[in-house]
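A.B. asks: This structure is in structure tokens; I'll ask about it shortly.
The values are calculated or read from the model by the stated rules, or taken from the named source; none is laboratory data. Because the structure is a prediction, the values reported are computed rather than measured. Here the Cβ is made from the backbone with ideal geometry for all residues, glycine too, and neighbour counts use every protein chain on show.
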Amino acid sequence: MEIAAIVFVVFLIAVAAITFFALKRALKMAVRAAIVVLILLIAVVGGVSLWWFGASSGSDKPPANVKKSR
């Protein structure tokens with residue numbers, strides 16, 4: 001699940017960079033920076049949550065033995 005978190009963050013960083021350059025002439029610098037910061041904030045929160053909740057869901061213990069009934 002750590003790989004998914006890393007891929008998610010890298011993908012959104014790429015989206016933020018593309019958005020920043022795509023809006024180069026359309027919007028002022030402050031608005032572009034605010035949009036990029038919002039995308040990066042979503043990337044960080046999403047990546048941390050994937051890493052945190054994904055790491056705690058796995059278990060290294062084998063499943064409990066179940067006795068078969070006749």
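A.B. asks: Based on this model, can you work out whether LEU23 counts as touching a helix residue (DSSP H, G or I) at 6+ places or on another chain (Cβ under 7 Å), without any contact (Cβ under 8 Å) to a residue 40 or more places away in the chain and of a type outside the set (Asp, Glu)?
C.D. replies: yes
A.B. asks: Let me confirm something: among ALA5, ALA33, ALA26, ALA55, which residue is at pLDDT below 90 and in a loop (DSSP other than H, G, I, E, B)?
C.D. replies: ALA26
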